[in-house]
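Shown next, in structure tokens, is the structure this report addresses.
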Amino acid sequence: MPEFDPSSSDYYERLGVSASASRRAIRKAYRDVAQKTHPDRNPDDPRAAHRFRRIREAYEVLSDEEAKQAYDRQRTSYVRSTGLTAAPRLDAGCMAYAAWRVLVGIIAAAIFVAMEMAGLWELNDAESTTWVIVGAVVLASALALLAAHSLEDEASDYEVRFEVDDVTVYVEGHPWARVRWGDVHRLEADAERNTVELRVAPRAGEGIRPQKPVIQRVSRASGEVRIVIDLSDTDLPATAVHRFARTIDGVRTTMVVTEATE
């Protein structure tokens, strides 16, 4: 069972249960949480009574079938109208060109400077000069391809949208990867590294490949695909994604570093 959070605005999170929990599970969770938060058991905590009232408020709604249905409708409507979006911070996207592009430019400039110093542009034979130019272009192109394969290119324009139906990664304005929540076995959030790992069914992970810096890693093992999304260059904390995922029915969640806060 996920940890309860009396400070949350979500009633399910206050009791530490999923939105699909049964009435029996809700009642048991309330008893456990009430014992931990009751003012009599926390006499030295001035906010114990406030936390206990919030726990009680959540249970009164979720234990009443009619009130619970009304709350679920309101909650679902709110989630569908919001969702979460992660985009690179301004300072993270200031280098619009990848390192290999800069390197290729330097190499090409060096080639033409060397040719100028060798006097290859001053050949009297026009045909020879043409072949020198063609050779320089071919050499620069070959070096460009070599550098492109040796150094990773990174996207500077990307966006990750966590919505009620799916998770979509956009690169340069186009969908790069999309996973439906129904195919997610587990979401693991790491608050310290600010990453989110989606463990999905093999068919859902077909065709998804890494794209630095947003999709850090894609690995396949034990009958599932693990997709690690790096949010460290964005303003969206992994803890917020963890809380959002807990509102999605059927998605199991894990917080790796629970002591970190937003």
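Within the shell defined by Cβ-Cβ distances under 15 Å, the residues around Glu224 carry a net charge of +4, with Lys and Arg each +1 and Asp and Glu each -1. Please work out whether the stretch 154-262 counts as rounded, prolate or oblate from its C-alpha gyration tensor, where a ≥ b ≥ c are the square roots of the eigenvalues and a/c under 1.5 means rounded, while otherwise a/b larger than b/c means prolate and anything else oblate? Rounded, because the longest to shortest axis ratio a/c is under 1.5. Under 21 Å of direct C-alpha separation, and excluding same-chain neighbours fewer than eight residues apart, Lys36 reaches these lysines: Lys28. Enter the Cα centre distance for the pair the stretch 14-32 and the stretch 180-256, rounded to the nearest angstrom. For the stretch 14-32 versus the stretch 180-256, the Cα centre distance is 25 Å.
In this calculation the C-beta distance from Asp249 to Asp45 is compared with R0 = 41 Å, giving a FRET efficiency of 0.75. Using the Karplus relation 6.51 cos²θ - 1.76 cosθ + 1.60 with θ = phi - 60°, the per-residue 3J(HN,Hα) values for the stretch 49-65 come to 5, 5, 5, 5, 4, 5, 5, 5, 4, 5, 5, 4, 7, 6, 8, 9, 4 Hz, with x marking Gly and Pro.
Between beta-carbons, use under 11 Å as the cut-off and find the net charge around Gly182, counting Lys and Arg +1, Asp and Glu -1. Net of charged neighbours comes to -3.
Quick note: the coordinates plus some simple rules give every number you see, no bench work behind them. Everything numeric here is computed off the predicted structure, so don't read it as measured data. Cβ atoms come from the backbone with ideal geometry, glycine included; neighbour counts cover every protein chain shown.
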